[in-house]
Amino acid sequence: MLKKLFTFQSVCYIPLWIILSLLGSVGCFYILSLGHSGTFFNSIVCKIFLALVITAALFITVKDFDKIKEKKALFKRIGYSFVFSALLASSYVIGYQLKVNEMTSLGVKGKLFIILISCCLGIALLPLSNLWFRLMDRVKKSREKESLQISRKTSLKLFFISFGIIFVCWIPVFLAYYPAIMSYDFHRQSQEAYRGWMWFTSHHPLAHTALIRFFFTIGEAIGSYQIAMALFSIMQMLILSSVLAYSCTMITRLTGKKWPFWACTAMYGLLPIHPVMALSMTKDILFTAFVLLFVILILEYRMSKTKKMRIFLYISLIITGMLVIIFRNNAIYALVLFTVFYVLISKKQRLAILILCVACIAGGSFAKTAMLKSMNAIEGSKIEMYSVFLQQMCRCGKYHELYLTEEQYNILSYYIPQEYWAGYNPPIADSLKSVIAVSTFAYWKEDIPQMLIDWATLGLAYPNDYIDAFLVQTQGYWFIDDMTHAEVLGYGEDTALGLLYTFNASVSNVFEGIESHSYFPWLLSVYNKIVNGNSYQYWPILSLLFKPAFYTWCLILCMMSTFYLKEKNKLVVYLFPFIYFLTLLLGPVVNFRYIYPIAVTIPYYFGWLFAKENWSSCYKSLPKQPKAEKKDNEIVSETN
């Protein structure tokens, strides 16, 4: 038995295994010292047990590496596994430093310490990432065995099954929150919609405010704003559930397996975040549906074979791309960058792809401008674009006010008056940008280049504060154990805050508001505990599905896997959500609704990752059979 255990290619594996075990244990001990103050977690018994687990896991991993005979394949597996585990480990090291110390390690030595500890913790996480990339190797081999096809009839059947299940599962939640969840920006948009076109501002997408105005008009006609908002909710539920059902069907077409279809359908129907988001009267819901549809249509277009289908998908992509831009102000920046990378990655039809993307951008921009002019709407403030810059500068004022030079003081007070320095709130810039918008922004917005120079000047003097300000404001997007994004304004089942906001913000000084009436108070109470009281954080494994950072790391893992499998042509499908994610890092706060467009694309992306190599989006006709022998086959398998 012992002889079989130690049949390594080289005796060097044994000391390597011991060294890796020690380093991995050091990384874990450091995280325990920061993240857990309990006596058990810092006890010698816990540390010995953890060290033994890490040692055993690394032993199995090293043995697994030993089975790879080709050096190139071995280095590739080790490299990808370690890079991902080290990146994930760095998020925990930095995240817990911010959580406990409210700052990261200072100076160059401090940052080198973070890198070193991250590498140590990355070694401890190496067995997990190795399992994933070993799975990727198996996926690549399995593609050579068989090709799976699905008929058009079966695909439509699956779509309506998924759509029906998701929508029916959402109905009780709809009745619990009847007529809608009127939170987030609804207080401002409802006032604009009630007053009329001349009060519209482009701070929020005009198309979405116009939709609210349309349903308000219906409410006036039928004498009930409550019923009108219920109709709005149903419309959103129909649109979002249909696109989610489309993605579930696509996953089946890609993988040729039924269980992912049922798993995704159940998740979309039963996981509380999805019905609550579907009922929220915010622009992000329709935007989410259009983003998911857009990335699915990209794949459909790339894989389509017939000319008619390509023309249809081409037009559909242009329309969907325009809707993406219309329903989210920062989407145009993501689409511009996406166009550049899409054209560079594509080997064929670059001109057609360029025309497609330019048509989306031009059409969406024209539509937004046309609405702005035709409605005579007020152009919204651009202050939100500078949220991160303002937070970084304000942090310097709060923590270094007594040490600022005269030049630094003048620079800082020019952009942020001194009375606002003490009000710096690390995870959210809303309060700061609101006061700046009505005070100093009017005179420094005319000279943005000078503002960037002054911002850089202050940053060179206080680099650690700039880094920390950015990290603490965005940690919800990359630190899985972060809870600031779900507690930034408060939480509790009676607050209607927490992870998702469910308060009624329809009442204002110009509008009497719309009354909420729950037909299922018991269900409302359950959902309040989950999404407002944040009780989901105590759910093993499932709690990950409520955390924005989880979806970020899933997206990164999918992108790394495409490189690992040498399938860079698949990368284009991931590009738009990834670039959109980068724009979120400059936003004023981390909120689940902002990451929701990426969250709903992740199951589809995993389906694309596990897709058979010779899959085609063209529907395959089932072979004709005699009537007596004809069967309603759902999945037809062909062996190469």
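The values are calculated or read from the model by the stated rules, or taken from the named source; none is laboratory data. These numbers come from a predicted model, not from an experiment. Here the Cβ positions follow ideal geometry from the backbone for every residue, glycine too, while neighbour counts run over all protein chains shown. We work out accessible area using only protein heavy atoms, side chains counted, and drop any ligands, DNA or RNA first. Shrake-Rupley method; radii C 1.70, N 1.55, O 1.52, S 1.80 Å.
Descriptive notes on the structure:
- Protection proxy ranking of 388-396, 417-425 - average other beta-carbon atoms within 10 Å, highest first: 388-396, 417-425
- Descending semi-axes in Å of region 91-240, equivalent ellipsoid built from Cα gyration tensor: 46, 33, 14
- Listed residue (SER202, PHE215, SER162) projecting farthest to the positive dipole end of region 120-216, Cβ model: SER162
- Accessible area of ILE114 in the full protein assembly, 1.4 Å probe (Å², nearest 10): 10 Å²
- With contacts taken as Cα pairs under 8 Å and at least 6 residues apart, the chain reaches a relative contact order of 21 percent.
- Close amide H partners of ILE378, meaning residues 5 or more places away or on another chain with modelled amide H under 5 Å apart, are PHE200, THR201, SER202.
- Placing +1 on the Cβ of every Lys and Arg and -1 on the Cβ of every Asp and Glu, with no other charges, gives region 295-350 a dipole of roughly 360 debye about its Cα centre.
- Rg [Å, one decimal], Dmax [Å, integer] - region 64-119, C-alpha atoms: 15.3, 47
- Cβ-based charge dipole, the chain, positive-most Cα from VAL507, TYR184, THR249: THR249
- Chain lengthening between ILE115 and LEU270 when straightened (0.36 nm per residue, less Cα-Cα): 51.8 nm
- Pairs from the table (LYS368/LYS570; LYS67/LYS140; LYS99/LYS547) lying more than 21 angstrom apart at Cα are LYS368/LYS570.
- Inverse mean reciprocal Cα-Cα distance (Kirkwood Rh) of region 475-518, Å: 12.4 Å
- Going by accessible surface with a 1.4 Å probe and the largest first, PHE312, PHE186, PHE503, PHE341 read PHE312, PHE341, PHE503, PHE186.
- Between the residues VAL276, ALA496, VAL573, the greatest Cα displacement towards the positive end of the dipole of the chain, with unit charges on the Cβ of Lys, Arg, Asp and Glu, is found for VAL573.
- Relative to the current alpha-carbon distance between VAL358 and LYS157, full extension at 0.36 nm per residue lengthens the span by 68.8 nm.
- With contacts taken as Cα pairs under 8 Å and at least 6 residues apart, region 389-475 reaches a relative contact order of 46 percent.
- Only Lys, Arg, Asp and Glu carry charge here, each on its Cβ (+1 for the first two, -1 for the last two); on that basis region 429-578 has a dipole of about 700 debye about its Cα centre.
- Taking all protein chains together, HIS400, HIS517 sort by accessible area into HIS517, HIS400, largest first [probe 1.4 Å].
- DSSP-defined antiparallel bridges as percent of all bridges, the chain, nearest 5: 75 percent
- Across all directions, the shadow cast by the convex hull of region 485-622 built on its C-alpha atoms averages 13.7 square nanometres.
- Relative contact order (%) - region 202-335, alpha-carbon pairs under 8 angstrom, separation at least six: 28 percent
- Phi-based couplings in Hz for region 62-76 (Karplus 6.51, -1.76, 1.60; Gly and Pro marked x): 4, 4, 5, 4, 5, 6, 7, 7, 7, 4, 4, 5, 5, 5, 5
- The three principal axes of the C-alpha atoms in region 277-370 carry coordinate ranges of 40, 24, 23 Å, sorted with the longest axis first.
- Our coupling estimate for region 388-393, obtained by passing each phi through the Karplus curve with A = 6.51, B = -1.76, C = 1.60 and θ = phi - 60°, is 5, 4, 5, 5, 5, 5 Hz, Gly and Pro reported as x.
- For the chain, a crude dipole built from +1 on the beta carbon of Lys and Arg and -1 on the beta carbon of Asp and Glu, taken about the Cα centre, is about 3960 debye to the nearest 20.
- Cα coordinate range in the chain, projected on the principal axes (Å, largest first): 85, 82, 55
- Amide proton proximity set for ILE150, modelled H, under 5 Å, gap of 5+: LYS620
- Modelled FRET efficiency - R0 51 Å, LYS566 with GLU512, Cβ distances, 0.05 increments: 0.25
- Table column - 3J(HN,Hα) (Hz), region 421-438, Karplus curve with 6.51, -1.76, 1.60, x for Gly and Pro: 5, 5, x, 4, 10, x, x, 8, 9, 4, 5, 5, 5, 5, 6, 5, 4, 9
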